[in-house]
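What follows is calculated from the coordinates using simple rules that are stated; it is not laboratory data. It should be emphasised that the depicted structure is a prediction, and the values quoted were computed from it without experimental measurement. Backbone-built Cβ (ideal geometry, glycine too); neighbour counts: all protein chains shown.
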Amino acid sequence: YEWRTARDARVCPLCGPLDGTRWEGDDGPWPPAHLGCRCARVLVAVEERTLRRAPRTGPRREDGAWRRW
């Protein structure tokens with residue numbers, strides 16, 4: 001979840017620093033944080049990716065090692 005404020009001049013000093021902060025599950029505070037609070041906690045999806053190293057290509061030395069460019 002991500003804390004979102006109204007992002008205007010009326011955002012209070014309590015909620016302003018929380019804008020954009022993310023928590024997993026039920027961790028962290030939930031709005032309303034105070035009387036008149038206009039904030040919301042929004043569910044955000046986080047995509048997990050596995051990065052694979054691309055195979056090396058290019059010139060090799062006579063001993064089979066990769067030559068530096």
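Overview of values
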quantity	calculated
Cα-based convex hull volume of the range 1-41 per residue, rounded to whole Å³	57
Proximal charge balance of residue 21 [Cβ under 11 Å; K/R count +1, D/E count -1]	0
Gain upon complete extension [residue 12, residue 40; 0.36 nm per residue less C-alpha separation]	8.7 nm
Charge context of residue 4, other residues only, Cβ under 11 angstrom, K/R +1, D/E -1	+2
